Structures are given as C-alpha cells and as structure tokens.
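Worksheet for the structure shown next.
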C-alpha cells in the first residue's frame, strides 16, 4: 500500500488551484528540475498538466532524474511566479520509479526536435511531450463524438469479425492468416458485415474497428492497419441523405472538440474549422477546375490523384472558405462492385468522397440492394460469384435499400491537428517496415 | 428516388400511436400475413417494433412473401384489436425488395426452433427474430455504458495495433500472419500496449477491440476472435482499488441496461441482477468451499476449472444472493509474467478474477512496474527477455505503479441474456470450424 499518502487524497495538477492553503498529494513525472543553491524548483507533470513544486532543505538536495515517477505531499500556496498562480511547498517526496538518465530524447520542450522515426521508435517517451500527447486525447474525443451522435440518431454499435474468408474489394491487398489450416484473411473493411447487419433488421449500425490493407506503398497517407469509423443505414434512397448526415456528424464532432479542448488546442496553435454548408461538386466539375485553374489534365473515367485532391481543397479553401468538399458522380469503373449506379446515368454511381485539407477522409454511397443486380455487377467486375456467396445470399431474403460511409480515423485526426503524416495519429503505427513497438 | 413517400415522413413502428388520425409512411419487413377474404392483415416490422396494417380491395389481393421489404402509406386509426391500440389503413403499398419464398428458417415465432448451427449459418435471417435480435442491442448498450462510465472517470479511449511482433502471454495460441515477409501475429490482448499508454502519461486508458486466441478447443465459452473491454490505470497501489472500480462500473452497466430495455427484457424473460456489494474470497477459500460443500478436491496451486467456477457461483447465488463473486490471491504459477506479487506473500499475486453466473468474465490485477523485477519475472517464466524488448524498455523511463482489467464482452452479454453459449453473443462467431458468414 502507498505509504506517503497519509490518507490525503491525490489531486490532479489541473485542480491544485482549488486547494490553496491545504495539504495535498500529487503523483506524476519529473518534468523539469532547477537547483538554486538550497532550494530546488521541480515541475511535476501528470495527465492533467504541470505544477511547480518547491523543495527545501534536505529535499532540495535529492537527485531526481527527469521522467522519474514520484509522489509528493505538501502545502498549496499562492504565488505570482507561476502561470498557474500556485505552487506546492513539499514536505514529503517519494520516488515510485526512477527513470534512467540520460533520456534517449529530450522531452520537456514545446516541440520535439527529432526525426519522425526517432519519435516513433521511442513512442512512449515522445507521447509525453505536450504536443504529441494531445493527438490521442483528440482521437479519443473524436470517437466519443462520432459514437454519441450516431447513438442519438438511433444507430447501434456493432462488432464484426476481422478474420474473414474473402475480401470486401475482391481479393487484392489482403493479409493472409493460417486459420486452423484453412486460408483466411484480415478484413479490409467491415463493408459486407455492416450491410448484413442492416439486413438483419438493425437498420442503423456503426462500427469503430481496425481494418487491414496489405498495400506496399509507404506514403504519408497510408497505414497498413488503421481505424475505420463505419456506418450503414437502411431505407436510404439517395447519397444526398448520407452526405447530409455526414455534414451534421462532422459539425457535431468539430464543435465537441472545439468546446472541449479550447485551451489545449490554442497552446499548440490548432484551429478547428467551422462547418456551415459543405460544398459539393461532381467529379467532372472537379476535373474542370483542375484543368482551368491549375492546368492539370486528368482522364475522364479516373479518380483524382493525391495532387488533384490537394488542389481541389486549395481551391475550395481559397474561393469558398471551406476546408471540406464533397465529390460526387464517380464512374462505376472506379467504385467497387456493390456501388449502386445512378438512376438514368448507369455509367455513374450514387456515391461520394469527402476531401478535408487536401486528403480524402471518407468514401460513401448507396449500395445495390437487388440480388440479381448485385450478381450481374460482380460478374461485370470480373469477380467470382461463388467467392461472395455468404454475402450475396442475404440479398435474397429482404435487403432494404441502403447506404453508408466510412471515415479514416487517423487521417481525420492528423488533419484536424495539422500534422503532415498519418503516422502521427497512430499510437503504434504499422507500415511496411514498422512492426514494433 | 423513393416514389411512394409523397413527402410524408417515415415513422417508426414504435411511434405510430403518436399519429392517430394522421397519414404516415412506414418502412420495414413483412412479418406476418393473414388473408381473410377481401381484407388482409399484414404485420409490418421495423427496427423499433411491429405494427398491424390493414389492406383492403385490390391491395388485399397482393401476393406478399414473408420478409419482403416494403413501404406503406396510410391512415393511423385507433383499434381495440391490437396490442398497440392502433392499426394503419393502407392506401399505398410499394414492394422495395421481394424476399424468396420459402424462407430457410421460420422467423416470426417467439423462439427460433432451430439448432445453433442452423441459426448461425442463417445469421442475418435468425437475427430478425425478436429474441435473437435483442442480444446485439444489449451488446451495443453494454459498450456504451462501459465507455461512458470510464470517460466520466477521466479515461481516454485508445486504439492499439492488433498486428504484433510477439504475444502478450508468451507465444502460445497465436495466429501467425505473413506481414510483408516478416513473421507477425494477431494480438492476444492489448495488455502490453495499454500498459505502454499508461506509461506515455495518459494514466487512464480503455480499449474496446478484438483479441485473437488460436485455441483449438470448441467449448461453449470460447471464441477464437472476441471483443475485449480493457482498462488500465496508473497510480494504483492495490487490486482492491481495481475491484472497487469494476464493481461501480458493472453496477452502472447493469442499471443502464435495466432502465433502457425494461420492456424488451421483460418480453424475453430476462432479469438484470442488482449489484450491491460483490463478495470477494481468496482462491484458497474458494477451494475450501468446493471441498466442504461439494466434495470437489482441487490442487492448491491451480486455477479453478469450469466446474469449480460454476459451483462457486452456485454457492454465492444461494448463500449470498449474488450472481457475482471476486476471487483473489492467485498463485504466481497461474498468472502471467507481468502480474505483481503480493507484498509479504511473494508466491501469490495481487490479482483477481470475477465470476458471473458460473463463468469467469474478468481477469485483473496490479502489474510489475519495476524494470529489474519485470526482467527477473520474465526469466523465471522461462521466456526470452529479448522477445519483449520493445515492451520492457518502457519500464526504464518512468513507469508508474499501475493495474487494470479486461472483461470478455461476449461472455458478459451472453450471461446477462441467460444464453448457454458465447456464440449467441457474437454476430458472426469465429471458431475452429466457422469462418463464414
């Protein structure tokens, strides 16, 4: 049992100012130490913030290595000399775990001055730096807001298997597993399963779970394991309904973060965009903008490339003051076999992407709900109908018209925090070369 | 676009009684059809419930196969003849998707009279049955309550990789993956990563994510992929603190479900236990109870077997009216290398299990936080220190005293719903023989 505590409850650093002239216990990490003759100023850091502690007499002479874990007990006094307006005059200090010195990276700076690989190799240490730390508080808050918004719209959270017998997109880029001597794969997306849960009568479902892409490229926008925020709903008759839902959903997420992390975001210089109306253009119009404004020509039946996405976002940021833009009317050739063609425009699908600060963060749209239409589409995509039987069978017995979307959590988080690489938004990223920590 | 709607918004079945004498639109599945000469009674089911619709004249003669997806428009009228007190006199009906007849299983019964394998093979259909359906509403509600409670206690939600370089328990029962020609595995537990996130200064973290166990047995209590509700917290000095947290957490979860699903749970005959104080006994005491009350002898340094767990639960249900019981003081020999030994009882660990209705639903406890102690423990467990470097390195630089626990979501859900097999609580279970749907 903890000896130093003397029955005095632990207080978080952010709450110390509520305890002026009272004795408190603090627990945390040694953030900075300044010896000044017979007095030592120690900055103690916990999950909530940093508090200055004053060590006098014998305590002032203790050797405390940076990042050691300690507990102190002392009196809270007012002072003009700290940002918080208080400091703690320590009368007991216990080292709970000594940290090795020197540290492999210098932590108590505003920005970590290290290469991304060094930052990721020393992930647990680098996450203690304020700016890096905040990323995962925000990521958690995004998921909370996503889930709360959807539960409020009568969605339930589902959990679908990640060990699967076939891929959602038709076989490419799958990691294979030895599953009791049967071939199996890691799911690329919960697409089929979320559709099946709509068919199972839940109508409105969401999932927050990892997806796996065995893509060999090593770009700033790809991870081989990432978290997909998926939703799917029944009795939807147009992509417009889904885009409206996503606009409201993102507005809720952005407002929640802006309100909840005002001070922290200000400290790291991040502004959360205000969402009014997200502009929407067709892929054809996007290509016209690229041609006329940026002299960039692209083929009519292809998707935008990363540079195209970046330029379209630049255009809408400058001309319409919007960091977000929907792109619609994707040709069937660039969409998966389950994408529903537009009525009266059978070469195009009733689907959309959402771009945010230069990158695609969402793909969504209506799905084919008619069994025969789905089988024909699988054949047209040169896939084997037999490979998809446990999915397609469901369409024989009452599949409602439906649609949905998926948001890449790390892309959204990294872009909100203005970081140039999606790896910064993964605590322990997995890429072609990185399997540890 | 949907033609039948005429601008009249869709109403959920559960809300129809609020629209007496008004025209509404309903969307859903054909649950039951009764032709009575020139009138047809159609029960329409959506995610919220079932409403009786009345078809007259030509509409009465429509052939509607069960489970077809339809939309109807009509006038809500009061009636004494239905449970809901209302019915809808239909003037338009549109079939959105015809279901094949006959169905492979009969759905509109109170209980599905089919073998578990048939139920799981036809999962999307069987989930439309009311009793099966409710399971996943409850599972979603449990996760919501778990997350809400912990966020309120200042925990953040984390997402750790499931593709890993080594197993948490030391190498057994792992699924292997080909990861770009490197050997890799599916994570058995987020144990190491949640500890690392505590060390990263978040202090209080939780995760809701799949874990993978390549166990060959096919019992009613094991899945090869299941959802683990994990939490881990820093500055914890005794398992008692964790057990107290779990007691409050489960009380919150149980109360939330009881309040939120009163009517539904009553319909399927499920009562949610009231949690006052969860009794706690040592493993030694549990074995004495087994010996004296049930004449079951067990070896001193071993864990309880499934029959032992069942009998201990029976005992506490009968004697103390508690469906839950904590077991403490597990010997080091049955706990993993990271379990912290009890002060002054170095053969035992400061850890616990929680049993619920005959089955272990939680393992938790304090973890070793001292680097050297951890290395020694790894060696004593005959594991290779080098295999755990990216985990153990973290302990050199300021790891606080900490502990945590994990709850098996499917076990908890199945037990709450009084179902005898954990597979019923997995939408698409994975076991040795089941990789689809």
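Read-outs: derived from the displayed coordinates by stated rules, not from any lab. Just so it is clear, the structure is predicted and the values come from calculations on it, not from any experiment. Neighbour counts are summed over all protein chains in view; Cβ atoms, including those assigned to glycine, are modelled from backbone coordinates with ideal geometry.
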Convex hull of Cα atoms in the stretch A:214-356, direction-averaged projection (nm²):
11.0 nm²
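On alpha-carbon atoms, Rg over Rh for the stretch A:106-173 using Kirkwood Rh?
Details: Rg = 18.5 Å, Rh = 15.7 Å.
Using Cα coordinates only, the ratio equals 1.18.
Give me the Kirkwood hydrodynamic radius of the stretch A:300-363 in Å, from all C-alpha pairs, to one decimal place?
On the way: mean 1/r = 0.0812 Å⁻¹.
The Cα-based Kirkwood calculation yields 12.3 Å.
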Shielding by partners - mean other protein chain Cβ count within 10 Å, residues of A:122-132:
5
With all pairs of different alpha carbon atoms counted, what Kirkwood hydrodynamic radius in Å does the protein assembly as shown show?
29.4 Å
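How would you classify the stretch B:242-298 from its alpha-carbon gyration tensor, with a ≥ b ≥ c the square roots of the eigenvalues: rounded for a/c under 1.5, else prolate if a/b is greater than b/c, otherwise oblate? Spell out each step's value before the answer.
Numbers: a/c = 4.90, a/b = 1.87, b/c = 2.62.
Oblate.
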At R0 = 41 Å, FRET efficiency that the Cβ-Cβ distance of residue B:89 and residue A:346 yields, to 0.05:
0.60
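When only C-alpha pairs under 8 Å and at least 6 residues apart count, what is the relative contact order of chain B, in percent? List each step's numbers first, then the result.
On the way: 812 pairs, mean separation 53.9, N = 437.
Contact order relative to length: 12 percent.
Just check the stretch A:73-129 against the gyration tensor rule for me: Cα atoms, a ≥ b ≥ c as the square roots of the eigenvalues, rounded for a/c under 1.5, and otherwise prolate or oblate depending on whether a/b exceeds b/c. Walk me through the numbers on the way to the answer.
Numbers: a/c = 4.01, a/b = 1.81, b/c = 2.22.
Taking the square roots of the gyration eigenvalues as a ≥ b ≥ c, the stretch A:73-129 is oblate.
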Using only the alpha-carbon atoms, how far is helix A:283-294 inclined from the longest principal axis of chain A? Give it as 0 to 90 degrees, nearest 10.
60 degrees
Run the helix sum for the protein assembly as shown: -39,500 (n - 2.57) per DSSP H stretch of 4+ residues, divided by residue count, reported at 222 nm to the nearest 500 deg cm²/dmol.
-8000 deg cm²/dmol
What relative contact order, as a whole-number percentage, does the stretch B:13-97 give when Cα pairs under 8 Å and 6 or more residues apart are counted?
32 percent
If we restrict to alpha carbons, what Rg and Dmax does the stretch B:10-70 come to, in Å?
11.5, 30
What is the helix-to-structure angle for A:239-260, meaning the angle in degrees between its Cα long axis and the longest Cα principal axis of chain A, kept from 0 to 90 and rounded to the nearest 10?
0 degrees
From the Cα gyration tensor of the stretch A:277-415, with a ≥ b ≥ c the square roots of its eigenvalues, which class applies: rounded if a/c is under 1.5, or else prolate if a/b is larger than b/c, or else oblate?
prolate
Assume the label is 7 Å from Cα along Cα to beta carbon: what separations in nm does residue B:83 have to the matching positions in the other copies?
6.0
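Express as a percent, rounded to the nearest 5, the fraction of DSSP beta bridges in chain B (both residues included) that run antiparallel. Mind dumping the intermediate values first?
On the way: 76 of 84 bridges.
If I count the DSSP bridges inside chain B, around 90 percent turn out antiparallel.
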In a GNM of chain A with a 10 Å cut-off on Cα contacts, which of A:355, A:229, A:42 has the highest mean-square fluctuation?
A:42
Over what distance in Å are the Cα centres of the stretch B:363-437 and the stretch A:372-417 separated?
33 Å
Taking neighbour counts of Cβ atoms within 10 Å as a proxy for exposure, in what order, fewest first, do B:16, A:198 appear?
B:16, A:198
For chain A, diffusion coefficient by Stokes-Einstein and Kirkwood Rh (Cα), 37 °C, 0.692 mPa s, µm²/s:
132 µm²/s
GNM top mover of A:233, A:80, A:17 - chain A, alpha-carbon springs below 10 Å:
A:80
Could you state the number of Å between the C-alpha centres of the stretch A:319-351 and the stretch B:257-313?
55 Å
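Order by neighbour count: B:135, A:62, fewest other Cβ atoms within 10 Å first, most last. If you can, show how the numbers build up before the last one.
On the way: B:135 21, A:62 14.
Lowest count first: A:62, B:135.
Shielding by partners for B:385-397, please: the mean number of other protein chain Cβ atoms within 10 Å of each residue's Cβ.
On the way: counts 0, 0, 0, 0, 2, 7, 3, 0, 7, 5, 4, 8, 19.
Neighbouring Cβ atoms belonging to other protein chains average 4 per residue here.
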